[in-house]
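Undergrad: Just passing along the structure, written as structure tokens.
Computed from the coordinates by the stated procedures, all read-outs in this text should not be read as laboratory data. Remember, predicted model here, so these are calculated numbers, not experimental data. When we count neighbours, we look across all protein chains shown, and the Cβ atoms used for this are built from the backbone with ideal geometry, even at glycine.
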Ligand code: ADP
Ligand code: MG
């Protein structure tokens, strides 16, 4: 029995999903697998676990997975409150924290947490039901969990320990789950929840800003706030830095101080709308000083960002992004207070919770968010949506599989989800800061993440779950066979999988080796995990950890080759380029250490930066990206912990005053690097082989038909060793190898 407070009960009754409670519970009773679709805000995440609890499924744990930490934390709090139960019963677990107890009945967690639990107990015996939430996002871990559970549930039923799987989606596009016979031989029932949705008028921009879209977002938001009737504004941007920058500008433009509430805004909708469309922004000049200290402090990013849960839609703590110079619109106008709140994944739960509370009287709520507000969280009272049309995604390069974050156009489905946020409580408006022609060019849906990236890390994780034949795995959308073959070959060559007969290898069924198990526990790409696994030799671990962290973070040097904006800048750029060249030469060392090449430069840069306390000043003066250096610091800590837990006897620690490696350590490091990057070996083309002048100073690689070159900025540009390994190949004016390190000819297999 659940003893809800009357006001909670009342709020629940307004949710569309309540009308379907019986249908849903019947379906769950009759079937092992059920798919539930319903618009964001219809009550799926908060209500379905309660239905199950009340229907007696709490004999085991009711588990709910979320692709985002934000949702896991905030939904557990919300459900505990609605049910009037303590957080020891309705709890959450995310990678680094949680409040789960022995009494927990409903457990919200990230999908990565559940995957790790399956590694410990394949049958998930403590659970009676698993709900996979936000399945429409198609994150890699969600897809894999659905595949695994399609097998686990029948096994549990056979054992007489029945278990249920409920897949929940905010869109109706669920054929990948329901029409996939390999996944579910009998199609699971699909229940649709009809949500109340008020009409949303969509307004496209005539022009599409290509450069400063966050400036455009700021201006549009100002205009809405000045001109339009009350109602919350929800702004979609792509990352944390943009969110903070726009929040700061909005707070400056419409300062709000507690205790100085103002009269209600006008409400004549039609008239306001007309004026809004006509208005030209007024120009003013003076720039009053605003006391920013009176505002709640900007949230500080909480430490570690590695996400077991896979889709980290945000980059690191790039809070220091400089604001553009204040313009006229930023002239403070305290008569129109705006209550501005940021919202993104890594924000602390206390800060996140603020968006659900009504704004202070006399103010308008404005939430500036990343993608997390698209479907995971429903913010009450939103009437206006401002959509930049972009999203930040991870991209992988073909050659190395190393990833980076890039901002691209979102999909039509996502843009429509965003627009839908404006029509939850009354008719609303969505302002798209791009033209309808551009919208027409968006892809219809976002592709499943698993088809967009190399899969060697996944294959290793799955082998670690003792799934030997990955090709047979019931993926909702399988990766290409080529991708799987390439992954398996790489893992065999790294020793992570046992070498087996040619025939078996063709069937992609190599089992994991003890080395592979150790590698699977390091949160970096398998090539780098291999280096960590070998790092024990000659006390090289601290160096290997530093190099692997730097290679994983990438782009640690400032881009000084960009064109200068002014003549003045041109001369400072030239100076800084010279300084960086000089520092690189210094970090590369001399004699033996020079042969570790660009990786020695990375090691030297990390060492020097840490020695100096990793300050913005040091980075600025030496051409290093401060943000990258902070990320490296975090990753070093994390890798150090991971290595210690696999291999406690090495007792490695992060030393901020790390001495440079000795000569024999450098040789050892070069061999470790070769072991990890063995498939990235390149041989210098000899004079007598020159068929074509383009091969002069070129290198031959097994992967590419064309020559690749050592970049002039490389530590090995002048040396041109006969053999090298490289981190990646980047095509600019030529195909250049990055992260080059020399290999002794006698080491080459
Ligand atoms: P769905 O999962 O279908 O998108 P939810 O169950 O997340 O829907 O949300 C249902 C309703 O509960 C929404 O209208 C939302 O406003 C409300 N809600 C969710 N979390 C909170 C919260 N922390 N505080 C107040 N209301 C909330
Ligand atoms: Mg939900």
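Undergrad: Roughly speaking, what is the stretch gain from residue 196 to residue 615, that is 0.36 nm per residue apart minus the C-alpha to C-alpha distance, in nm to one decimal?
TA: The residue 196-residue 615 span can extend by a further 145.6 nm.
Undergrad: So, by mean Cβ neighbours within 10 angstrom, what's the order for 508-517, 651-660 with the highest one leading?
TA: 508-517, 651-660
Undergrad: Here's another thing I want to ask about it. Under the classification rounded if a/c is under 1.5, otherwise prolate if a/b is larger than b/c and oblate if not, where does segment 36-149 fall, given a ≥ b ≥ c as square roots of the Cα gyration tensor eigenvalues?
TA: Judged from the Cα gyration tensor, segment 36-149 comes out rounded (a/c under 1.5).
Undergrad: Once you sort the root eigenvalues of the Cα gyration tensor of the chain as a ≥ b ≥ c, which label holds: rounded (a/c under 1.5), prolate (a/b larger than b/c) or oblate (the other case)?
TA: Here the chain falls in the oblate category.
Undergrad: Hey, can you rank 185-195, 35-45 by average C-beta count inside 10 Å, highest first?
TA: For the peptides 185-195, 35-45, the packing ranking is 35-45, 185-195.
Undergrad: Between segment 428-464 and segment 619-652, how many Å separate their Cα centres?
TA: Each part's Cα centre sits 30 Å from the other's.
Undergrad: Counting pairs of alpha carbon atoms under 8 Å apart in space and at least six apart in sequence, what relative contact order in percent does segment 1-67 give?
TA: 35
Undergrad: Quick check for you: which residues of segment 39-83 have the amide N under 12 Å from the point 7 Å beyond the Cα of residue 117 toward its beta carbon?
TA: Taking a point 7 Å out along Cα→Cβ of residue 117, the residues of segment 39-83 whose backbone N falls under 12 Å are 60-66.
Undergrad: Next up: Pop a pseudo-label 7 angstrom from the Cα along the beta-carbon direction at both residue 203 and residue 19 and give the gap in nm to one decimal.
TA: That separation, rounded to one decimal, is 3.1 nm.
Undergrad: Still on this model: Multiply the residue gap between residue 210 and residue 81 by 0.36 nm, knock off their C-alpha separation, and tell me the result in nm, one decimal place.
TA: 42.0 nm
Undergrad: Let me ask something else about it. Which order results if 662, 732, 370 are arranged by neighbouring Cβ count within 10 Å, fewest first?
TA: Final ranking by Cβ density, sparse to dense: 732, 662, 370.
Undergrad: Now, a different point. For segment 45-190, what is the relative contact order in percent, using Cα pairs closer than 8 Å and at least 6 residues apart in sequence?
TA: 22
Undergrad: Ok, one more. How high is the FRET efficiency from residue 664 to residue 472, r the C-beta distance, R0 51 Å, rounded to 0.05?
TA: Here the calculated transfer efficiency is 0.65.
Undergrad: Moving to a separate point now. Express as a percent, rounded to the nearest 5, the fraction of DSSP beta bridges in the chain (both residues included) that run antiparallel.
TA: Once the DSSP bridges in the chain are tallied, antiparallel ones form about 30 percent.
Undergrad: Kindly put 5, 624 in sequence by how many other C-beta atoms sit within 10 Å of each C-beta, fewest to most.
TA: Taking fewest neighbouring Cβ atoms as first place, the list is 5, 624.
Undergrad: Report the extension gain between residue 574 and residue 126 in nm, rounded to one decimal, defined as 0.36 nm multiplied by the number of residues separating them, less their alpha carbon distance.
TA: 155.0 nm
Undergrad: At a Förster distance of 22 Å, what's the computed FRET efficiency of residue 692 paired with residue 719, Cβ-Cβ distance as r, to 0.05?
TA: 0.40
Undergrad: Let me ask another. I need the peptides 433-441, 246-254, 79-87 ranked by packing, meaning the mean over residues of other C-beta atoms within 10 angstrom, with the highest value on top.
TA: 246-254, 79-87, 433-441
Undergrad: Report, in deg cm²/dmol and to the nearest 500, the calculated mean residue ellipticity at 222 nm for the chain, where each DSSP H run with n ≥ 4 adds -39500 (n - 2.57) and the sum is divided by the residue count.
TA: Rounded to the nearest 500, the figure is -11000 deg cm²/dmol.
Undergrad: Taking the Cα centre of each part, how many Å lie between segment 669-722 and segment 96-140?
TA: 47
Undergrad: Report the FRET efficiency, 1/(1 + (r/R0)^6), for residue 644 and residue 227, where r is their Cβ-Cβ distance and R0 is 45 Å, rounded to 0.05.
TA: Calculated transfer efficiency: 0.15.
Undergrad: Can you tell me the relative contact order of the chain? Whole percent, Cα pairs under 8 Å, sequence separation 6 or more.
TA: Worked out over the chain, it gives 11 percent.
Undergrad: Please give, to one decimal in nm, the separation of the simple spin-label points placed at residue 12 and residue 59, each 7 Å out from Cα toward the Cβ.
TA: 2.3
Undergrad: With a ≥ b ≥ c taken as the square roots of the eigenvalues of the C-alpha gyration tensor of segment 120-176, please select rounded if a/c is under 1.5 and otherwise prolate if a/b is larger than b/c or oblate if it is not?
TA: Because a/c hits 1.5 or more and a/b exceeds b/c, segment 120-176 counts as prolate.
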